[in-house]
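This report refers to the structure that appears directly beneath it.
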Amino acid sequence: MDLLKRKILDDGKVIDGNILKVDSFLNHQIDVKLLLEIGKEFRKRFNDIKITKILTVEASGISVATITAMNFNVPVIFAKKGSSKNQDDETYESEAFSFTKNKSYIMKVSKKYLNETDNVLIIDDFLANGEACLSLINIAGQAGAEISGIGIVIEKAFQDGRKKIEDLGYHVESLARIKSMKDNQIEFI
Ligand code: 5GP
């Protein structure tokens, strides 16, 4: 997706050689026009696939998942991190290790919103080592739902997330695939 790649080159910042900061258009301030194009692109890429729900994880997956859900005319569910008093008692739960926060967390989805009749498209902002996606796959599996595909906005292809997911037999579509961020120079596949 050329528009996205251009934005990454113009506004993305490489931190510590392996984190891409995109706070100016995706993770903090959101470029809504770009977001609209991202939603349309996911619709195009998963056009022939049955999808009843979009599944993501809070917080930065929510905007892209929502715009994608709008394009498929289905609801979006976001896994919640940690516990809160207003959470349903009955939840699917899975542990994931956060690449950016360098610690583990539990994600939870209420059993009310996902079940064996669902065909799920998993959406996230980044794919790095695949932890977040594998946890979402695990949660969809607990619900007995079918996973129709996995859509990623920015894939860091020099990490092994895609391999782990493809080894499980799932189809991954990434809108921008970064081959290298060596010397703070971003190179796409
Ligand atoms: P993974 O679970 O695949 O290792 O990492 C993906 C998750 O970590 C995403 O949900 C994203 O929020 C965060 N993440 C991983 N790498 C990056 C990065 O380079 N930049 C940003 N902004 N987030 C990242």
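Laid out as a table, the results:
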{"item": "Residue count for region 26-43, restricted to those that are within 11 Å of the ligand (Cβ to nearest atom) and either open to solvent by 20 Å² or more (accessible area, probe 1.4 Å) or over 21 Å from I54 (Cα atoms) (or both)", "result": "2"}
{"item": "Matching residues, region 148-167, being over 14 Å from the mean Cα position of the chain (by Cα), open to solvent by less than 40 Å² (accessible area, probe 1.4 Å) and either aromatic (F, W, Y) or within 11 Å of the ligand (Cβ to nearest atom) (or both)", "result": "Q159"}
{"item": "Selection count, region 127-157, where residues are in a loop (DSSP other than H, G, I, E, B) and touching a strand residue (DSSP E or B) at 6+ places or on another chain (Cβ under 6 Å)", "result": "3"}
{"item": "Filter result (in contact with a helix residue (DSSP H, G or I) (Cβ under 7 Å, 6 or more places away or on another chain), assigned to a helix (DSSP H, G or I) and closer than 16 Å to I186 by Cβ) within region 5-41", "result": "K7, D11, S24, F25"}
{"item": "Meets criteria (within 15 Å of the ligand (Cβ to nearest atom) and assigned to a strand (DSSP E or B)) for A79", "result": "yes"}
{"item": "Condition met for I106 (away from the ligand (no atom under 11 Å from the Cβ), in contact (Cβ under 8 Å) with a residue 24 or more places away in the chain and open to solvent by 10 Å² or more (accessible area, probe 1.4 Å))", "result": "yes"}
{"item": "Which numbered condition G144 misses (of (1) touching a residue at least 24 places away in the same chain (Cβ under 8 Å); (2) more than 12 Å from the ligand (Cβ to nearest atom); (3) under 15 Å from T56 (Cα atoms); (4) open to solvent by 10 Å² or more (accessible area, probe 1.4 Å))", "result": "(3)"}
{"item": "The lone exception for E131 - which of (1) over 11 Å from the mean Cα position of the chain (by Cα); (2) surrounded by fewer than 20 Cβ atoms within 10 Å (Cβ to Cβ) it fails", "result": "(1)"}
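The values are calculated or read from the model by the stated rules, or taken from the named source; none is laboratory data. Note that the structure is predicted; figures quoted are calculated from it, not measured. When we count neighbours, we look across all protein chains shown, and the Cβ atoms used for this are built from the backbone with ideal geometry, even at glycine. These accessible areas exclude ligands, DNA and RNA; they are computed on the full protein's heavy atoms, side chains included. Shrake-Rupley method; radii C 1.70, N 1.55, O 1.52, S 1.80 Å.
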